[in-house]
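Visitor: Would you mind keeping the following structure in view while I ask a few things?
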Amino acid sequence: MDTAPRDLSRFRPEGKKLSNEERTRLIKQTFPTVETLDWKRAFDEDIDLFGRMIRDILKIDQSVPGRPGPRPEPEHVRGMAHLRQLMGEDYTALPFEEAFVILSDQRSLTQLSRKVGLARSRVNRLRLGLVNPTVYDMAQIAEAFGKHPSFFAEYRAFYIVGALMDRLEGSPETSVGLYRKLRAAGAS
């Protein structure tokens, strides 16, 4: 649970009264709810999360208000970034090379290649858009910047196309019907 102090002044700005709808929108945007969190995905991606939650629940009766437990509280910014990933809200619609340049943040090619674990020449070609990234490239880069590979639009496209291929290979009659519909739509 996030217990970092927050600046709540934007929910009650001085000299300005917010409507209830606007205040509710700001609060929901700042404090994600249990309903919007994909718990199955959270536990699948971070199995330790489940263990830490159970341990915290079991230790509630031993807790002292205002005193931290046996593990340090997560850093607020890092925790919120991880929460956005788990909720499926940490992604970009930019082409890979543009997103990669933004993530690079003025690092030299040498620094960047060390950070992402790819050859310097490969990193240069990826940043310039001279080659298409592989799933491996995207996974390496995403991990280096603390993101899920689905941060990149191309990774999401690979995933969707792969799932579609699996479905169509398992059901040839579906592919025939879909092909005919697409062909007919393209001919008109």
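Visitor: With the requirement that a residue be over 25 Å from SER121 (Cβ atoms) and surrounded by 11 or more Cβ atoms within 10 Å (Cβ to Cβ), what does the stretch 147-171 give you?
Guide: The answer is HIS148, SER150, ARG156, TYR159, GLY162, LEU164, MET165, ARG167, LEU168, SER171.
Visitor: Is it true that some residue in the stretch 148-159 is free of Cβ contacts under 8 Å to residues at least 12 places away in the same chain, within 25 Å of the chain's Cα centre (by Cα) and part of a helix (DSSP H, G or I)? Spell out how you get there, then give the answer.
Guide: Narrowing the stretch 148-159 to residues free of Cβ contacts under 8 Å to residues at least 12 places away in the same chain: 157, 159.
Keeping just the survivors that are within 25 Å of the chain's Cα centre (by Cα) gives 157, 159.
Add one more test, that the residue is part of a helix (DSSP H, G or I), and what stays is 157, 159.
Checked the stretch 148-159: at least one residue is free of Cβ contacts under 8 Å to residues at least 12 places away in the same chain, within 25 Å of the chain's Cα centre (by Cα) and part of a helix (DSSP H, G or I).
Visitor: Looking at (1) polar (S, T, N, Q); (2) surrounded by fewer than 16 Cβ atoms within 10 Å (Cβ to Cβ); (3) in contact (Cβ under 8 Å) with a residue 12 or more places away in the chain, which is the only condition GLN140 fails?
Guide: (2)
Visitor: Another question, then. Taking the conditions exactly as written (in the same structural domain as GLU97 (by TED's automatic domain parsing), among the aliphatic types (A, V, I, L, M) and more than 24 Å from GLU98 (Cβ to Cβ)), does LEU130 satisfy them or not?
Guide: Details: in the same structural domain as GLU97 (by TED's automatic domain parsing): yes; among the aliphatic types (A, V, I, L, M): yes; more than 24 Å from GLU98 (Cβ to Cβ): no.
No, not satisfied.
Visitor: To continue, here is another question. Considering only the stretch 108-129, how many residues are over 12 Å from ILE141 (Cβ atoms) and among the charged types (D, E, K, R)?
Guide: Filtering the stretch 108-129 down to residues over 12 Å from ILE141 (Cβ atoms) leaves 108-111, 114, 119-121, 124-125, 128-129.
If we keep only those that are among the charged types (D, E, K, R) as well, we get 114, 120, 125.
Qualifying residue count for the region: 3.
Visitor: Go through the stretch 140-168 and give me each residue that's in contact with a Phe, Trp or Tyr (Cβ under 8 Å, 6 or more places away or on another chain) and of a type in the set (A, V, I, L, M).
Guide: ILE141, ALA142, ALA153
Visitor: Please determine whether any residue of the stretch 172-180 is crowded, with 16+ Cβ neighbours inside 10 Å, free of Cβ contacts under 8 Å to residues at least 60 places away in the same chain and among the hydrophobic types (A, V, I, L, M, F, W, C).
Guide: Restricting attention to the stretch 172-180, the residues satisfying the condition of being crowded, with 16+ Cβ neighbours inside 10 Å are none.
So far as the stretch 172-180 goes, no, none of its residues is crowded, with 16+ Cβ neighbours inside 10 Å, free of Cβ contacts under 8 Å to residues at least 60 places away in the same chain and among the hydrophobic types (A, V, I, L, M, F, W, C).
Visitor: Filter the stretch 106-130 down to the residues that are surrounded by 14 or more Cβ atoms within 10 Å (Cβ to Cβ) and in a loop (DSSP other than H, G, I, E, B) and list them by number.
Guide: Selection gives ARG107, LEU118, GLY129.
The values are calculated or read from the model by the stated rules, or taken from the named source; none is laboratory data. What you see is a predicted model, and the numbers here were worked out from it, not measured in a lab. Methodologically, a virtual Cβ is constructed for each residue, glycine included, from the backbone with ideal geometry; neighbour enumeration extends over all protein chains shown.
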